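The structure appears right after this line, and notes come after that.
The values are calculated or read from the model by the stated rules, or taken from the named source; none is laboratory data. Everything numeric here is computed off the predicted structure, so don't read it as measured data. Cβ atoms come from the backbone with ideal geometry, glycine included; neighbour counts cover every protein chain shown.
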Amino acid sequence: MQSVLSSNISAELRRRINDASRVLVLTGAGVSAESGVPTFRGGGNSAVWKGMPFDVISSAGMVSRDLPGVWEWFDYRRELLKSLTPNPAHEAIARWQDRFRGLTVVTQNIDGLHQLAGSKKVIELHGSIWRTRCVTCNSRFAISRTEERRSVCADCGDRLRPDVVLFGEMLPPGAFEMAAEQAAQCDLCFVIGTSGLVYPAAGLPEIAKAAGACVCEVNPERTPLSFVCDFVLTGKAGEVVPLL
Ligand code: BV8
């Protein structure tokens, strides 16, 4: 794979970036890959947990079938995340807050690395591994990087689950609507590190394109979204995004 060099970034793309005022950034697991977070697909390290593919263990049915098993899977991933830090892609995207008049970061990731890098306004379409939610009264509690997570709801005493959107579950109320509204109003949309397979998140670049935005993908591989993009930068986020 021939990686992108600064000279590879066309004058046209540089012009579009310089002229942009409203920018939407959609990220997926690939933006965290260089921080050491395993991606879900591709790259041979598809996440399998105790023989179950991740879209089984991360599915809605598992919460009612085997909540302790779901916690084991998410506790394991959170432990791994405690030792990981944002990479140059997260840091560059955080700096873009001061670069563009309007920047919206929309992520499919639950790792919190955008916020750790300094991004203030992040729409987490799939929730956060750093939060739990009561299965009965929906109260939410933060999980710190240092203390043990709470085991029962402080408000009603019932069981807690990860405050994460599993396959077959609705997204947090308003999250996708807010992201779609920003996608329809942006003039530049970056699609960074996503396989473009999971909906409704993968529909955002198509909304931006239909609304006339310039769409730029950053990914070592081509994806089903590449055909929507005006620019496809083949490379790793940690190397390419800082060049932008
Ligand atoms: C919904 C949290 C309405 C959990 C995740 C049947 C029944 C029910 C629903 C469906 C169904 N069929 C389809 C659906 C819809 C389903 C869906 O889209 N399924 C797909 C798989 C076909 N969607 C849903 O269920 C959503 N809800 O639709 O609600 C509804 C409700 C009920 C019934 C019907 C409809 C909820 C989806 C959210 C699921 N939760 N995560 C957890 O983390 O465990 S999704 C999960 O996949 C992660 O969030 C992940 O981010 C996301 C998407 O994957 P990517 O981020 O793209 O990551 P991936 O590994 O796939 O790709 C990595 C990319 O990075 C690759 O392209 C790679 O090349 C690239 N890369 C690698 N290294 C680098 C890099 N890029 C840059 N730099 C690098 N260094």
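Residue-by-condition table, conditions (1) in contact with a His (Cβ under 8 Å, 6 or more places away or on another chain); (2) away from the ligand (no atom under 12 Å from the Cβ):
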| residue | (1), (2) |
| --- | --- |
| A33 | no, no |
| P38 | no, no |
| K50 | no, yes |
| Y76 | no, no |
| E79 | no, yes |
| P86 | yes, yes |
| A89 | no, no |
| F100 | no, yes |
| T107 | yes, no |
For segment 171-213, how many residues are aliphatic (A, V, I, L, M), farther than 22 Å from R16 by Cα and either outside any loop (DSSP other than H, G, I, E, B) or touching a strand residue (DSSP E or B) at 6+ places or on another chain (Cβ under 6 Å) (or both)? 4
Regarding segment 202-221, can at least one residue be identified that is among the small types (G, A, S), modelled with pLDDT of 95 or more, farther than 30 Å from S10 by Cβ and within 16 Å of the ligand (Cβ to nearest atom)? no
Go through F40, F74, F100, F54 for me and flag whichever is of a type outside the set (G, A, S) and in contact with a Pro (Cβ under 6 Å, 6 or more places away or on another chain). F74
Residues V37, V23, V70: which one is assigned to a strand (DSSP E or B), within 22 Å of the chain's Cα centre (by Cα), of a type outside the set (G, A, S) and surrounded by 16 or more Cβ atoms within 10 Å (Cβ to Cβ)? V23
Only one of V105, V56, V63 is closer than 25 Å to V31 by Cβ, in contact with a Lys or Arg (Cβ under 9 Å, 6 or more places away or on another chain) and either modelled with pLDDT of 95 or more or assigned to a helix (DSSP H, G or I) (or both), namely V105
Within the set of pairs 6 or more residues apart or between chains, which connect a residue that is in contact (Cβ under 8 Å) with a residue 60 or more places away in the chain and under 9 Å from A183 (Cβ atoms) inside segment 195-217 to a residue that is part of a helix (DSSP H, G or I) and within 16 Å of the ligand (Cβ to nearest atom) with Cβ atoms less than 6 Å apart? L204/A179; P205/V228
